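Below: one structure, written as structure tokens.
Nothing in this text is a laboratory measurement; each read-out follows from the coordinates by a stated rule. Not measured: the values here are computed from a predicted model. All Cβ positions, even for glycine, are placed from backbone atoms using ideal geometry, and neighbour counts span all protein chains on display.
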Amino acid sequence: MSAVIVVAIDAPLRRLFDYRAPPQVAPETLLPGVRVWVPFGRRRVVGVLVETRASSELPDAKLKTAIAVVDETPVFDAPLLELLRWAADYYRHPPGEVISAALPAPLRTGDSMLETTERWMLSAAARTGSLPALPTRANRLRELADFLQARESADAAGLATLSSRWRDHVRELEKRGWVTRLRVADPPPPRLAVRAGPGPSPTPEQLAAIQAISAARGRHVSFLLHGVTGSGKTEVYLRAIEEVVARDEQALVLVPEIALTPQLVARFAERFDAPLAVLHSSLTDQERLRAWRAARSGSAPVVIGTRSAIFAPLARPGLIVVDEEHDSSYKQQEGFRYSARDLALARAQRLAIPVLLGSATPSLESLERARAGKAVLLSLPNRTAGASQPQLHIIDLRRHAATQGIATPTMLSIKRHLDAGGQVLLYLNRRGYAPSLFCPACGWVAPCPRCDARLTVHQRERRLHCHHCGTEQRAPEICPTCGEAVKPVGQGTERIEETLAQFFPDVPLARIDRDAVRRRGALEAALDRVTSGEVRLLVGTQMLTKGHHFPDVSLVVVLNADQGLFGTDFRASERLAQTIVQVAGRAGRAERPGEVLIQTEYPEHPLLAQLVSGGYDAFASAALKERELARWPPFARIAVLRAEAARREAPIEFLDRAREIAAALAGPGVEILGPASAPMERRAGHYRAQLLLHAASHGPLQRLFSRWLPAVEELPEARRVRWSLDVDPLELF
Ligand code: ADP
Ligand code: ZN
Ligand code: ZN
């Protein structure tokens, strides 16, 4: 009796598939993690073998036979394969999609996992003399055949010594059956001793952190490195990695967005005299495959990447670092909704290695883990090298006149800092010219035809954009209902740029947001103009808050703190505090003392008051108390079932049915809230609603999901909506 193999296939089904082992394959050679070709429906596809079994529950007649095994050695080692299976189960996502997402695209279609080289050899027929002779005048062809006759095979470099047109000659010989082409796996790349370049001598706090991490080698310890901006966290990563690399192990470093932090990658490349494997979303398939192979073979001692790099294979893992661990980009918001930060903890635990989460504004989850003793807190409370912490001041927008969103005292401060030779950074989380187009005569506001939202004015293009669905249209000059002139109201970064240019016509100015740096390389160019000191005034969105080091920025202005103060999401205040502290951290990173102005209409709001008087720590402890009282994460676990449809009633009808089933199945301790429509109910023509599940711990939710989701999948209402489950959601809608 032949063994049954269980295969993960890239399909939207929450299950694995049984096959008979391929013919002529000894079952004991089938290792979990190898790829196999299998028949699937009417296609042949590449799947990943996850286990072998003696028998299947399928009747013999239904069991299909796998076609062939692709790999000699597994693509995923056992701990990684197990992590992927666990993640599929935890996030309730189809296992085949999870496993396939962890593979570079060319490997999903059966390409070799190893680096290979083309070689050519004389065919068997040619060697035995059973082919018609080559034409006597074909000297080049005969020369090539003789060359191959004299050796087992030759590569491109070898053949190129014969003639510059060797490829043509080889092709001709292949056509005549004289030559066979092979792909041969390359020997593993040589392992070089990695030398680390010099860095500054660590401060006592840095040293304590480095020593704690070093003492945890070979064990699972999770660390939270909480250091104010500019306190030398990156320097701690570099030192900790130096030790890992010196032990001939690999470090995996996760960063929020590589395109936004070219400086960080450059710092790693500079420090380590070794190839870095860099993994991010704008690589070509071949580039990604190359980096993946370098991680897997171990030839890259340091692997840096964004979210999905958490699935990079590692030959000799020694440490995982998650930089800016609070950043929301670690959570995938569609499809397989995993958190790379949380998976980093799970992976490090399985590998029995330390994991280091770093941030100036740690997530409340991570702070609570440290408080509860599940993570070791390492603190860097001071900035390095003489830089002092910036001073935060509130500007009351109700008390001061403002020009296009810039209050008079703010304008005076900008002037003072510019006159003193400093750079000034203005932050506004709203791109475009103005957030709406308004008719003063009749009150009409330009609406998005597909969302319950207003269109944003983009003045330079004279167009209106929806920032939720991407709809674009020409901006009208007159009101479509009453014919009077319309005007843009409110401020976006484009309008702030215009206002600043009017007030400071001689000061070089740059805007950094998604519109301004759309072209490849535009962001790097703009950042260079800032670091070189050419640009003195800088206005931008979230993009400016991420880790950049601008030594001459002495004033940071948060133009409108109020957008986050009254958010409907339970995480809104945490996000706002993190953003303010991060953007404030761009001020005064070198010798110049920094100043930060926060403009608001609610100066007495407790969140702002706490931030100004006690900094992020004071905010975080108050926010954690609030979460504990309200029993929100991290003091509870939640999941949301979301649904959307073009017909308004369909999502609620589906969620009502899902709720009934959940209520019947749920054990004690699971609360079901909703269904409720999204605050912005219609987006891109679809109406949206959700059901929220809440429990004190994850166990009761997982037990419910196992029985509930199969029933939800079968609901007739499920076919009338697009639905998804989000476990540990970051945002509620
Ligand atoms: P963070 O990652 O916390 O923002 P960085 O590691 O980027 O901080 O350090 C901020 C600046 O201080 C960098 O220019 C860095 O080179 C410098 N720096 C870091 N550690 C030291 C140190 N021990 N002595 C002197 N300068 C340091
Ligand atoms: Zn009108
Ligand atoms: Zn829209």
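If a paramagnetic tag sat 7 Å from the Cα of ARG183 along the Cα-Cβ line, which residues of the range 76-111 would have the backbone N under 11 Å from that point? It comes to 106-107, 109-111, nothing else. Report note on the peptides 696-705, 551-560: ranked by the mean count of other C-beta atoms within 10 Å, highest first, their order is 551-560, 696-705.
Against the chain, whose longest principal axis is taken from its Cα atoms, helix 522-531 shows a tilt of about 50°.
In order along the range 326-334, the phi-based Karplus estimate (6.51 cos²θ - 1.76 cosθ + 1.60, θ = phi - 60°) of 3J(HN,Hα) comes to 6, 5, 6, 6, 6, 9, 6, 9, 8 Hz; Gly and Pro are listed as x.
Could you tell me which of rounded, prolate or oblate describes the range 356-449, using a ≥ b ≥ c as the square roots of the eigenvalues of the alpha-carbon gyration tensor, with rounded for a/c under 1.5 and, failing that, prolate when a/b is larger than b/c and oblate otherwise? Because a/c hits 1.5 or more and a/b fails to exceed b/c, the range 356-449 counts as oblate.
May I ask for the distance between the Cα centers of the range 599-653 and the range 407-460, given as a whole number of Å? Measuring centre to centre over Cα atoms gives 26 Å.
So if R0 is 56 Å, what FRET efficiency would TRP37 and ARG703 give, r being the distance between their Cβ atoms, rounded to the nearest 0.05? So the FRET efficiency works out to roughly 0.95.
Net charge in the neighbourhood of VAL727 (other residues with Cβ under 11 Å of its Cβ; Lys, Arg +1, Asp, Glu -1) is 0. Quote the FRET efficiency, to the nearest 0.05, computed for ASP506 versus ALA636 with a Förster distance R0 of 60 Å and r equal to the Cβ-Cβ distance. Calculated transfer efficiency: 0.60. Once the C-beta distance of SER282 and ARG529 is scaled by a Förster radius of 22 Å, the resulting FRET efficiency is 0.50 to the nearest 0.05.
Once both labels are positioned 7 Å from their Cα atoms along Cα-to-Cβ, the gap between THR403 and ARG462 label points is 2.7 nm. Placing dummy labels 7 Å off each Cα toward the beta-carbon, the span from ARG247 to GLN263 is 3.1 nm. Spin-label model, GLU601 to ARG127: label points 7 Å out along the Cα-to-beta-carbon direction sit 8.5 nm apart. Annotation: amide H-H contacts under 5 Å for LEU16 (H modelled 1.01 Å from N, sequence separation of 5 or more, or interchain): none.
Peptide packing: for 659-667, 574-582, the average count of neighbouring Cβ atoms within 10 Å per residue gives the ranking 574-582, 659-667, highest mean first. Calculated mean residue ellipticity at 222 nm for the chain: -9500 deg cm²/dmol, from DSSP H runs with n ≥ 4 weighted as -39500 (n - 2.57), summed, divided by the residue count and rounded to 500.
For the range 309-363, what does the alpha-carbon gyration tensor say about shape, rounded, prolate or oblate, given a ≥ b ≥ c as the root eigenvalues, a/c under 1.5 as rounded, and a/b over b/c as prolate? Oblate shape, in that a/c is at least 1.5 and b/c is the bigger or equal ratio. Computed extension length for LEU629-HIS220: 144.1 nm, one decimal, from 0.36 nm per residue of separation with the Cα-Cα distance subtracted. Close amide H contacts of CYS451 (hydrogens built in the peptide plane, cut-off under 5 Å, sequence separation of 5 or more or a different chain): ALA684, GLY685.
Sorting 264-271, 513-520, 684-691 by their mean Cβ neighbour count within 10 Å, with the most densely packed peptide first, gives 684-691, 264-271, 513-520.
Under 12 Å from a point placed 7 Å out from the Cα of THR29 along the Cα-to-Cβ direction: which residues of the range 40-75 have their backbone N that close? Flagged as within label range: 69-73.
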